[in-house]
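> First the structure, then my questions, so here it is.
The values are calculated or read from the model by the stated rules, or taken from the named source; none is laboratory data. This structure is a prediction, so every number in the text was calculated from the model and none was measured. Neighbour counts run over all protein chains shown; Cβ positions are idealised from the backbone, glycine included. These accessible areas exclude ligands, DNA and RNA; they are computed on the full protein's heavy atoms, side chains included. Shrake-Rupley method; radii C 1.70, N 1.55, O 1.52, S 1.80 Å.
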Amino acid sequence: MPEGTRPLIVGPEPIAAPFPLKMQGLVQKGFGRGSKELGIPTANLPEESYCESFKLLDAASNTGVYYGWAKVDGVDNDEVHPMAMSVGWNPYYKNEKLTAEVHIMHPYNQDFYGKNMRVIVTGYVRPEFDYSTLEALIEDIEFDKKVAIHSLDRDSYKELKQDAFFK
Ligand code: ADP
Ligand code: MG
């Protein structure tokens, strides 16, 4: 979808149910589908960390891109950063399992596999689209990142960056 055809700010202010959703778990190795090579590394949460929350999201029908805040315990001074999260059916498991992959908008200078990642999901950005080119995919993800930054820049969303869950 070309830039400009969807809004930069999504979801209500103040934030409303079922958000915010809080989840945490040890970062898992993914299938190395090359997200890092695209400049968009995505850290995988373990299934038990998100299955309860995703029931609230009805994610089975609402796969796509979510946004919110994230941090990794003991890494980068425990700073909280904006994140964009992709939720989808995993082809590796014959589409019987959901995956949740989190791109944190911060240039970490190290990998953090095995570390505890904490995520507060604050809203839904868009469903999954089919892309004809890699460039189109990357362009859309770059727009998702802008949507996350702008949408988080509202009082009830900014407050969550200071949430006790991250302390
Ligand atoms: P995988 O297939 O193992 O998920 P990726 O290419 O998607 O591999 O890279 C994800 C890994 O990169 C994460 O598990 C994490 O250790 C590391 N990483 C480094 N910077 C980031 C970032 N800003 N956001 C997410 N993961 C990051
Ligand atoms: Mg990944």
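> Just flag the GluC sites (Glu not before Pro) in the range 91-165 sitting in loop per DSSP whose Cβ has no more than 10 other Cβ atoms within 10 Å.
Sites meeting the loop and neighbour criteria: Glu96.
> For a quick check of your reading of the filter: which trypsin sites (Lys or Arg not before Pro) in the range 78-137 sit in a DSSP loop and have no more than 16 other Cβ atoms within 10 Å?
Lys94, Lys97, Lys115
> Shape call for the range 59-138 from the C-alpha gyration tensor, a ≥ b ≥ c root eigenvalues: rounded (a/c under 1.5), prolate (a/b greater than b/c) or oblate?
The shape class here is prolate.
> Which percent of the accessible heavy-atom area of the range 21-161 goes to carbon and sulfur, probe 1.4 angstrom?
Accessible surface attributable to carbon and sulfur in the range 21-161 totals 50 percent.
> Let me ask another. Under 1.5 on a/c is rounded, so check that first for the range 15-167, then, if it is not, pick prolate when a/b is larger than b/c and oblate when it is not; a ≥ b ≥ c are the square roots of the alpha carbon gyration tensor eigenvalues.
The shape class here is rounded.
> Mind checking the per residue accessible area of the range 55-167 for me, 1.4 Å probe, whole number of Å²?
51 Å²
> For n ≥ 4 DSSP H runs only, could you compute -39500 (n - 2.57) per run for the chain, divide by its residues and tell me the 222 nm figure to the nearest 500?
-6000 deg cm²/dmol
> Quick one: ranking Leu98, Leu152, Leu56, Leu8 by accessible area, 1.4 Å probe, largest first, what do you get?
Leu56, Leu8, Leu98, Leu152
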